[in-house]
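Please read the structure below before turning to the comments.
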Amino acid sequence: MRAPAPAYAADLNGATIAAARDALGTALVDARDAVGEVALFVTRDGLIDAMIALRDTPGLEYQQLMEIAGVDFPDRPERFEVVYCLLSLTRNHRIHVHVAASEETPVPSVTGIWPVAGWLEREVYDMYGVLFAGNRDLRRILTDYGFRGHPQRKDFPLSGFVELRYSEEAKRVVYEPVQLAQDFRTFDFMSPWEGAEYVLPGDEKGALPEAKGAPTQLSADQIQKADAAQTAKATATTPKTTDSTAQTGVGKAEPDAKPKPADPDVLKGKGEGK
């Protein structure tokens, strides 16, 4: 191979942060190297210039936008973070660019730099409600028509607000308030091999003592009833048996018995027929 791809090297993080500080200037709020990855925090107004600098500056050269993700922090004044994942093909290195946003403050669209960002920004808008200024087709992309709310927000209810079904009366799809068929259940994820610390409904029916005097949680009345039930099952009817041939009638000829007719095809052996 004449031009193999460069091996990924974590030691590029320090040089990447230093080059980003020089290239982004005041647009860079913070730069972190955590768990082997570089995270750059930039201002919302300087996002476009920062992205162009990260793409075109020698020593950075992050040519591809791989993904746009959203994060929700309800306790922050600007509760959302838009995270751009960039890849440098020449350096085989990845970075994350973070931008803070709120429900009312739109984030500049990067579709002019990477056209693929159109669908990625629509996904963040659909899931979190973040607006992107400059996106000409900012519509929902994952949820249904007429969907209320943004499902990836931390304050969005698990069951949603409305549910849809096909109405045979109206001959169309209708929206109705959510009606749960059963309540939410909690699961303890306890291993069945370790033994549960509670008794499941129906298990008390099989809680019989191992032997007389064995420790058990049953009362004396329950033990007595269980023993009586076991005794009734173990008691079986005595099968009909005979002790002698006189009782079975073996060897006695029936009253209407007749001599067996001779078979002309059967040859008599020695001693027969005498």
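Worth a mention:
- Any chance LEU65 is assigned to a strand (DSSP E or B), in contact with a Leu (Cβ under 8 Å, 6 or more places away or on another chain) and closer than 23 Å to GLN152 by Cα: yes
- Among the numbered conditions (1) loosely packed, with under 14 Cβ neighbours inside 10 Å; (2) touching a Leu at 6+ places or on another chain (Cβ under 7 Å), the only one that LEU142 does not meet is (2).
- Test: residue in the stretch 121-135 that is closer than 17 Å to VAL29 by Cα and either part of a strand (DSSP E or B) or more than 32 Å from the chain's Cα centre (by Cα) (or both): no
- Verdict on GLY146 being closer than 30 Å to ALA53 by Cα and modelled with pLDDT under 95: no
- Tally, over the stretch 68-86, of residues that are among the basic types (Lys, Arg) and surrounded by 15 or more Cβ atoms within 10 Å (Cβ to Cβ): 1
- In the stretch 87-113, residue most open to solvent (accessible area, probe 1.4 Å) [restricted to those that are closer than 17 Å to ALA69 by Cα, touching a Leu at 6+ places or on another chain (Cβ under 6 Å) and not in a loop (DSSP other than H, G, I, E, B)]: ARG94
- Filtering the stretch 86-116 to residues that are small (Gly, Ala, Ser) and more than 27 Å from ALA15 (Cβ to Cβ) leaves ALA101, SER102, SER109, GLY112.
- Single residue of the stretch 37-62 satisfying the filter (without any contact (Cβ under 8 Å) to a residue 40 or more places away in the chain and touching a Leu at 6+ places or on another chain (Cβ under 7 Å)) that is farthest from ALA117 (Cα to Cα): ALA53
- Any hit, the stretch 45-67, residues being surrounded by fewer than 18 Cβ atoms within 10 Å (Cβ to Cβ), within 21 Å of ASP126 (Cβ to Cβ) and touching a strand residue (DSSP E or B) at 6+ places or on another chain (Cβ under 9 Å): yes
The values are calculated or read from the model by the stated rules, or taken from the named source; none is laboratory data. The structure presented is a predicted model; accordingly, all values stated were derived computationally and were not measured. Glycine gets a Cβ as well: all are built from the backbone with ideal geometry, and neighbour counts include every protein chain shown. Only protein heavy atoms, including side chains, enter the accessible area calculation; ligands, DNA and RNA are left aside. Shrake-Rupley method; radii C 1.70, N 1.55, O 1.52, S 1.80 Å.
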